[in-house]
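As structure tokens, the structure follows; a few thoughts come after it.
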Amino acid sequence: MPHADVGGVKLYYEEAGSGFPVVFVHEFAGDLRSWEPQLRRFSRRYRCVAYNARGYPPSDVPSNVEDYGQSHAADDIAGVMRHLGIDKAHIVGCSMGAFATLHFGIRHAAMAASLVVVGVGYGAKPDVREQFARESQATADRLDKEGMAEVAKSYMVSGSRVQFQNKDPRGFEESYRFFSEHSAKGSALTLRGYQARRPSLYALEAELKQITVPTLLVLGDEDEPGLDANVFLKRTIASSGLVVLPRTGHAVNLEEPDHFNALVEDFFATVERGRWMLRDPRANIGGQILGMGKSS
């Protein structure tokens, strides 16, 4: 069973295909199996790598809460890449993994050919940051007392996941089962050490403005907690483009796999042709009436 040793923490990973590397980083409720629709599609042309985050067996579950956090999550991507001898890759992250992907773009920009940031934004707005932290702590407490199976009953039918359940009951049930199989200890530590503590994206505006790596932001329009944050990211990251899928919830890659795969495949092709440019400064219109903004 292959593991990458990252600072003494062993992370389980799987590979498929050959070619330019793509690294997939999963969400809190998922694991590397959440990327199966993408691994099957992109391994036809790319070397695909997916791994389980720390706290998600068969990766290690460190017992110290300080071994979890935003910097660990971003650096783990780099650690898996170094273990596999990968100097540069497309990085694709969903939700918790999307936060890690953004921070990877800040901390390890030279290792990123592009960033695909899916369903990012939960707890990102300053006015909900404390509430998100409290809810993360409360969910961690429930995991300690009740276990994964009980918490999954409510967590997996939140307002931004019922869309998946309604569209694809079979796919939803599989994701529900995967989540129920996770380590309650690892999930609780992830909530306490990573989710509850991660900084607001709005507090990182200066760092985000420095990102020049081609970035694709992908969101479902019914993923309400991420809507404002993605508009903020679009305005802040000059190398970003934003795609919003209609009548779609949180885990876009699972809920709309064909649409998602086509979008990402086109994005990769555009990046690889050198045609994904920084935003033209003329696009930052100063006035509200067409043609009344600042002249170049």
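Only one of the numbered conditions (1) in contact (Cβ under 8 Å) with a residue 40 or more places away in the chain; (2) of a type outside the set (Lys, Arg); (3) within 27 Å of residue 158 (Cα to Cα); (4) part of a helix (DSSP H, G or I) is violated by residue 130, and that is (1). The set of residues from segment 37-74 being of a type in the set (Asp, Glu) and surrounded by fewer than 19 Cβ atoms within 10 Å (Cβ to Cβ) comprises 66, 67. Of the residues making up segment 76-90, just one is in contact with a His (Cβ under 8 Å, 6 or more places away or on another chain) and either outside any helix (DSSP H, G or I) or under 30 Å from residue 144 (Cβ atoms) (or both), namely 77. Scanning segment 91-116 for residues that are of a type outside the set (A, V, I, L, M), closer than 20 Å to residue 32 by Cβ and in a helix (DSSP H, G or I) yields 97, 99, 101, 103, 104.
Filtering 158, 154 for residues that are at pLDDT below 95, hydroxyl-bearing (Ser, Thr, Tyr) and over 19 Å from the mean Cα position of the chain (by Cα) leaves a single hit, 154.
Which condition from (1) under 21 Å from residue 73 (Cα atoms); (2) assigned to a helix (DSSP H, G or I) is the one that residue 211 breaks? The failed condition is (2).
Within segment 83-103, restricting attention to residues that are free of Cβ contacts under 8 Å to residues at least 40 places away in the same chain and of a type outside the set (Gly, Ala, Ser), the residue that is nearest to residue 217 (Cα to Cα) is 103.
Residues of segment 146-184 that are among the basic types (Lys, Arg) and buried (at least 16 other Cβ atoms within 10 Å of the Cβ): 161 alone. When segment 157-190 is filtered for residues that are not in a helix (DSSP H, G or I) and not acidic (Asp, Glu), the ones remaining, listed by number, are 157, 158, 159, 160, 161, 182, 183.
The values are calculated or read from the model by the stated rules, or taken from the named source; none is laboratory data. What you are looking at is a predicted structure, and each value in this text was computed from that prediction instead of being measured. We place every Cβ from the backbone using ideal geometry, glycine too, and count neighbours over all the protein chains shown.
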